[in-house]
Amino acid sequence: MKNNKNSTIAQLYKFIYYNNEVSKNDIANELNISLTISSRYVNHLEKKNIIKSFKIGVSSGGRKPILYKINENYKYIIGLSITNSYLYIFLSNLNGDIIGNNLEKIEDYEYSNYIEKIKENIAILLDKYNLSSEEILSIGISVSSITDINNKIIDYSRLLNWKNVNICKDLENYFKIPAFVETDVRVYAYNKLEYNNEKNTSIILYLEKGIGIGLIINNYIVRGYTNRAGDNRFLRKDIHKLIEIINKNEYINFLNNELYFPDQFPHQIIKELIKKYIESINSSSNNKKVFNTFITEVSSMLISLIALLNPKDVILTGNIFNYNDYIFEKIKKYILSYKKFYYTPKIMRFNYYEKPLEKGILNMIVHKGLENSLFGF
């Protein structure tokens, strides 16, 4: 009986998290429970400061309802993005507001050195904002690798040359904070999950130093029987070799070695970089051939997946797409030129200024936190 209650409360919190302004009556209707039970659970969460009332809603007649939203400062999260060129760490509340962050260049990415660097950065954040381990809901990790989120390990990272790394256990033992690790593209996929939409199907292509494919089918991030879903090696021949060639270009390499370009960064510089990149493509027949082959192979791979999965959206993400209109528009145009789809999906990208990495990690932590009873309901 207690498990049923906790499951309902978890669903209630998820409903508020995704919808933000809800009344007790909204909750009762959505969860198919009585208004009495809805009130009891809402009052319970409000008493524990997990949610809060914040304004009076509009009524069509009678008493105006009180609206509730999550208490964004009930707990905080720590997010990590791990690559072979930088370590990015941030602290945010449950609304995704960034409280503090740090971006550190990495030269030695051997695991024993890297984990110490991570511990050092987490400790600095906790100390700077005077937070205890108990105030952190979880640590969420995004990494280019094959991961097992349920067993919390990195099976293999080609980029970092790590194998069977138990990074979550190392951090949990040190900080006494729950931790989760996920493949970078699936972290971004969490941004496309919708509340209670079982038809939601999307494809996410993440392209930076490597390539990753995330699949959402029926509003579920597909991991597969052995957590290998999305392995693109078998979809297009030698695609990793093509990406390595593209990444050797000095202009693309510059984009890939950054996490985000800050708001104050002179984006005219990026425009100049892309202009030079286009000139470099057109400077030789070989460069043009490699580029066109790359566009064809990536687009054809996506066309195959679109035909197979019938998605609503295809999201192209990673710095190569976020900051390079030329590549994004080329692939988008190629896909949309194919006229045999039953339904032509929207080809889109995340807006980098909306912080999709941070929001993806937050969404992952909320989902895993609800699954693993971390909220203390």
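All of the numbers you see were taken from the coordinates with simple rules; none came from a lab. Treat the numbers as computed from the prediction; the structure is a model and nothing was measured. When we count neighbours, we look across all protein chains shown, and the Cβ atoms used for this are built from the backbone with ideal geometry, even at glycine.
With a cut-off of 12 Å between beta carbons, the residues surrounding residue 194 carry a summed charge of +2, where Lys and Arg count +1 and Asp and Glu -1.
Protection proxy ranking for 159-165, 294-300, 102-108, using the average of other Cβ atoms within 10 Å per residue and placing the highest first: 294-300, 159-165, 102-108.
Given their separation in residues at 0.36 nm each and the Cα-Cα distance between them, residue 108 and residue 156 gain 15.5 nm when the chain is fully extended.
Per residue, the convex hull spanned by the Cα atoms of the range 272-374 measures out at 127 cubic angstrom.
Look at the dipole of the range 283-377 built from charges on Cβ: of 377, 310, 323, the Cα furthest out on the positive end belongs to 310.
Length, then width, then depth: along the principal axes, the Cα atoms of the range 2-70 run 37, 22, 20 Å.
Suppose we keep just the DSSP beta bridges with both residues in the chain; what percent of those would be antiparallel, to 5? Approximately 65 percent, going by the DSSP bridge assignments. Computed about its Cα centre, the charge dipole of the range 196-353 is approximately 580 debye, with only Lys, Arg, Asp and Glu carrying charge at their Cβ. For the range 2-70, the dipole from Cβ point charges (+1 on Lys and Arg, -1 on Asp and Glu) about the Cα centre works out to 280 debye, to the nearest 20.
For the chain, place one equal point scatterer on every Cα, skip the solvent, and apply the Debye formula. What is log10 of I(q)/I(0) at q = 0.06, 0.08, 0.10, 0.13 Å⁻¹? Debye output, listed in q order: -0.26, -0.46, -0.71, -1.13.
Only DSSP H runs of four or more residues enter the estimate; each adds -39500 (n - 2.57), and after division by the residues of the chain the mean residue ellipticity at 222 nm equals -13500 deg cm²/dmol.
Count charges around residue 218 for me, please; just the other residues with Cβ under 12 Å from its Cβ, Lys/Arg as +1, Asp/Glu as -1. Charge balance near residue 218 sits at 0.
Length gained on full extension, residue 268 to residue 339: 21.9 nm, using 0.36 nm per residue less the C-alpha separation. Put in order of Cβ neighbour count within 10 Å, fewest first, the listed residues 15, 54 become 54, 15. Put simply, the convex hull of the Cα atoms in the range 196-353 casts, on average, a shadow of 10.4 nm². Of 82, 56, the sequence from fewest to most neighbouring Cβ atoms within 10 angstrom is 56, 82.
The label-point distance for residue 163 and residue 33, in a model that sets each label 7 Å from Cα toward Cβ, rounds to 4.9 nm. What is the antiparallel percent of DSSP beta bridges lying wholly in the range 196-353, to the nearest 5? Counting DSSP beta bridges with both partners in the range 196-353, the antiparallel share is about 50 percent.
Report note on the peptides 273-284, 347-358: ranked by the mean count of other C-beta atoms within 10 Å, highest first, their order is 347-358, 273-284. In the calculated pair distance distribution of the range 138-223, what percentage of Cα-Cα distances lie above 23 Å? Within the range 138-223, distances greater than 23 Å cover 27 percent of Cα pairs.
Express as a percent, rounded to the nearest 5, the fraction of DSSP beta bridges in the range 1-160 (both residues included) that run antiparallel.
The answer is about 75 percent antiparallel.
Packing order of peptides 124-132, 242-250, highest average first: 242-250, 124-132 (average count of other Cβ atoms within 10 Å over each peptide's residues). Helix screen, the chain: DSSP H segments with Cα axial length of 20 Å or more and mean Kyte-Doolittle hydropathy at least 0.0 are 285-309, 356-371. As a calculated quantity, the FRET efficiency between residue 124 and residue 18 at R0 = 30 Å, using C-beta atoms, amounts to about 0.40.
Between residue 257 and residue 43, the modelled label-to-label distance comes to 6.1 nm, taking each label 7 Å out from Cα in the direction of the beta carbon. So what's the gap between the Cα centers of the range 296-363 and the range 114-178, to the nearest angstrom? Taking the Cα centre of the range 114-178 as reference, the centre of the range 296-363 is 29 Å away.
The Cβ shell under 14 Å around residue 112 holds other residues with a net charge of -2, Lys and Arg each +1, Asp and Glu each -1.
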